[in-house]
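Below is one structure; the comments refer to it alone.
Coordinate-derived values only; no laboratory data. As the structure is a prediction and not an experimental result, all values here were calculated from the model. Quick reminder, even Gly has a Cβ in these numbers, built from the backbone with ideal geometry, and neighbours come from all protein chains shown.
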Amino acid sequence: MITTRGRYALRVLIDLAQQNSGKYIPMKEIAARQGISQKYLEQIMPVLIKNKIVEGVSGKGGGYRLSRAPEEYNIGEILMLTEGSLAPVACLECGAEKCSRSDDCKTLPMWKKYSELTSDFFSKINIADLLNSESNEKFK
């Protein structure tokens, strides 16, 4: 399941893409437009900055802006950074120990396929796609 952390990170990136003037956008403006508390954004933004997803500047005239073009932001990448994993079951988590039942597990192939489909789906979408109303039609 995608948590609010992943969903809000995507909303922030979309907001920054919509305001893409090259100027830094204050966090309070993003929070107000997106209806997200500043405290929550204070937890998300460091992850995005650390991974060079956004650039941040403190102080007067500071704020955030995209570090690259909207079409260069892969949704799968963003969700992996903010969620840690999109694995549908614990045994498919990165670094998980092999489950003692995996050799006989009748559901494991299904979970693996589901994980592949999810990963493939998100890897083919970028922020620019989400901004484009024509691209949004293909999700309906």
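Points worth noting:
- Selection status of SER85, part of a loop (DSSP other than H, G, I, E, B), farther than 30 Å from ILE25 by Cα and among the polar types (S, T, N, Q): no
- GLU77 vs. criteria assigned to a helix (DSSP H, G or I), surrounded by fewer than 16 Cβ atoms within 10 Å (Cβ to Cβ) and charged (D, E, K, R): yes
- Test: residue in region 33-50 that is within 11 Å of the chain's Cα centre (by Cα) and under 19 Å from ALA128 (Cα atoms): yes
- Number of positions in region 100-136 that are surrounded by 14 or more Cβ atoms within 10 Å (Cβ to Cβ) and more than 22 Å from the chain's Cα centre (by Cα): 2
- Beta carbons closer than 9 Å, at least 6 apart along the sequence or on distinct chains, pair a first residue in region 69-94 that is aromatic (Phe, Trp, Tyr) with a second that is crowded, with 17+ Cβ neighbours inside 10 Å and part of a strand (DSSP E or B) for TYR73/LEU66; TYR73/ASN126.
- Selection from region 59-74 of residues that are among the basic types (Lys, Arg) and part of a loop (DSSP other than H, G, I, E, B): LYS60, ARG68
- Subset of region 91-140 (residues that are assigned to a loop (DSSP other than H, G, I, E, B) and touching a helix residue (DSSP H, G or I) at 6+ places or on another chain (Cβ under 7 Å)): ALA96, CYS99, SER102, ILE125
- Extreme residue, surrounded by the most Cβ atoms within 10 Å (Cβ to Cβ), among residues of region 20-58 that are without any contact (Cβ under 8 Å) to a residue 12 or more places away in the chain and in a loop (DSSP other than H, G, I, E, B): SER37
- Any hit, region 25-43, residues being under 30 Å from LYS112 (Cα atoms) and of a type outside the set (Phe, Trp, Tyr): no
- Hey, TYR64 surrounded by 17 or more Cβ atoms within 10 Å (Cβ to Cβ), among the aromatic types (Phe, Trp, Tyr) and more than 19 Å from ASP129 (Cβ to Cβ) or not: yes
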